[in-house]
1. For the stretch 512-522, which positions are surrounded by fewer than 21 Cβ atoms within 10 Å (Cβ to Cβ) and closer than 20 Å to Ile558 by Cα?
2. Of all residues being touching a residue at least 60 places away in the same chain (Cβ under 8 Å) and open to solvent by 50 Å² or more (accessible area, probe 1.4 Å) in the stretch 214-235, which is nearest to Asp146 (Cα to Cα)? Just the residue, please.
3. Let me confirm something: among Leu329, Leu346, Leu310, which residue is aliphatic (A, V, I, L, M) and surrounded by fewer than 17 Cβ atoms within 10 Å (Cβ to Cβ)?
4. Taking the residues in the stretch 548-601 that are basic (Lys, Arg) and closer than 17 Å to Ile519 by Cβ as candidates, determine which candidate is nearest to the chain's Cα centre (by Cα).
5. Can you say whether Glu88 is modelled with pLDDT under 95 and out of contact with any Ser or Thr (no Cβ under 6 Å at 6 or more places or on another chain), as far as the supplied structure shows?
6. Quickly run through the stretch 202-241 and pick out the residues that are in contact with a Gly (Cβ under 9 Å, 6 or more places away or on another chain) and under 16 Å from Gln12 (Cα atoms).
7. Could you list, in sequence order, the residues of the stretch 485-498 that are surrounded by 21 or more Cβ atoms within 10 Å (Cβ to Cβ) and either aliphatic (A, V, I, L, M) or touching a strand residue (DSSP E or B) at 6+ places or on another chain (Cβ under 7 Å) (or both)?
8. For the stretch 433-448, what are the residues that are crowded, with 16+ Cβ neighbours inside 10 Å and touching a residue at least 60 places away in the same chain (Cβ under 8 Å)?
Amino acid sequence: MNKQKEPNLEYQVGGTLAADDPTYIERQADKDLFEALNNQEFCYILNSRQMGKSSLRTRTIKRLKAQGVACVDINANAIIQSQGMTPEKWYLGVIDEIAGQLQLNCSYMQWWEQYEKLSEVMRFKKFLSDILLEEINNLGIVIFIDEINAFLGFSLSEFFAVIRECFNDRSSNQRFKKLTFVLIGVAAPTDLIKDPNDTPFNIGKAIELTGFKFAEAKQLSQGLIDKLDNPDRVLQIILDWTQGQPFLTQKICKMVQYAEVPQADDNLEEWIETLIRQNVINNWESKDHPAHLRTIERRILRHYHIESLLNLYQQILESGAIEFDNSYLQMELRLSGLVVHRQGKLLIYNKIYQEIFNQEWFNSNLNKVIKRPYQIQIDAWMSSDYRDQSKLLFGKELKKAQIWAQDISLTKEDYSFLQESTKFEQEIRALLPATESLESVINTVMSFTKGDEKLNKSIFLLLCQGKKSYGRSIEKWVQTVVHSRMIKNWQTEIQAEPLREICRSLLENSLCDPFWLLIAYRKVLLEEELDSHKEQAELTKIGIIIEQEQKLTIANPIYADVFNKTWTNQNLGKLRPYAKKLVAWIDSQGQDRHQLLSAKQLEAAKEFSKGKKLDKREYRFLADSQLHKVKRG
């Protein structure tokens, strides 16, 4: 039975298979993807690693090109991993790939700068419409984007939205029917884009990648013909162990191909099991080359929700399978590759995984919990509706967090927090490149703005316009700029527009009477309890007040300094001729009769209020003044 001949088929363990590789197995996914793209459907392939996604991409591109379709093959990770990634660099990177691979006759950089007043995403859409579809006007175009999981660390939901726009525009622009996209990677659609109105994933076709079935994989037995008398039976035994998982199937076929074979067919099952246990399962950590099992383990153990994922996996371990509900945790566990969805159930993918990731493995990892080094900051940032820049990381703290996050599957919120922190620091460094102690500058600015994005931008622009005097401390320099440029001259300083915007929102408000809005603001200013929910909600929306430790307070020291008690009283006086007396009467809770209007003042008040809709407190004040006039009369 033992035949010592050179194999006529070489198995490839790991990596992307060439389009014409004889070990490539055509599955239902090949047919589904090819047919969908011929029908100009948008497609996406989201699955765990080492399931053959990239090989499917390579094979499909070759088939499409053979029938005259123009294809672009883009690796998102290669573009996004460049230093200082920005939306502009992403779109230019994609355009560069499209123009280069399709040999477009255009100077796209010059074209890009020509439309600099448009947003990056609008320019990208214009490139697709005006250049790509104009030059390639007689062919179908398919743009493949692999490794889209790179977007998890670089949020760019507008890109996915523009893909949907291209689909929607087909009804009004026939040319867009020629263009479609294929997105490939290890991610859940909701991790890439949240808004169901913008996502392309609910209008596209999901391509399911399943394990090899025997009928599909039968050609793999060709590599065992010169080794064994019954290669088909051996392949079936291998598939029983792997359930057709592509990486493991190729690996074990190669293992069998070079192993010492048994003397008789009656113990093939036992022989293959021994091979698998000795070379894959026993002491698997030291034998996992190229990394496969460690990749699965790492995705679970380095996931922020490790405890929840392990608890979910324990349910599968105990019962063999659980009902599939496509929840976030089930999707994350599926993306590890450890479990699979079959016939409405979620179960362990194959016997090899079951042997390795067993109860003992579970018990040894149950107490591993990942703790964020920036938990307090991200909680506060999220509580501020993702606005408070003072909670972002910068300097040493940001570097520490980036190192910690390198090998962890983070939540979408973590990715956004770290991305916003990185973006913020890059922007400040670009404005103040020669400034020493940048962290001290940022901290001092934050002490004035409390993280308000618009105020931060204005102050950093003012700081970059001037130079710090020699010998003056960072704190004193920032303080001088804030007081002399922002606070003292807020009505005329160009960069103080955020303060004028607040002023207009208070004095020209269309939802609340500006007078009573200022009354409510005055109460917060004086640290009194505010009992008007309508005005409170509007002041919060404007951003001039916040709730801190269950107490309303002015949002930052700059607002408190500019819109102080004097400013408030002056503007109350402009809004009501009797404001001073009305405010004092309100402060006395309607008890101080000395604040009621005289007969002459009352007549002027009646003339002023004619045709106006007044607050019930104001009606009561005028009514009490009238009653007091009668009693005195």
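The values are calculated or read from the model by the stated rules, or taken from the named source; none is laboratory data. It should be emphasised that the depicted structure is a prediction, and the values quoted were computed from it without experimental measurement. Here the Cβ positions follow ideal geometry from the backbone for every residue, glycine too, while neighbour counts run over all protein chains shown. SASA here: full protein model, heavy atoms, side chains in, ligands and nucleic acids out. Shrake-Rupley method; radii C 1.70, N 1.55, O 1.52, S 1.80 Å.
1. Scanning the stretch 512-522 gives a single hit, Arg522.
2. It comes out as Gln219.
3. The unique qualifying residue is Leu329.
4. Among them, the one singled out is Lys565.
5. yes
6. Phe212, Ala217
7. Met486, Ala496
8. Phe448 - this is the single residue of the stretch 433-448 that is crowded, with 16+ Cβ neighbours inside 10 Å and touching a residue at least 60 places away in the same chain (Cβ under 8 Å).
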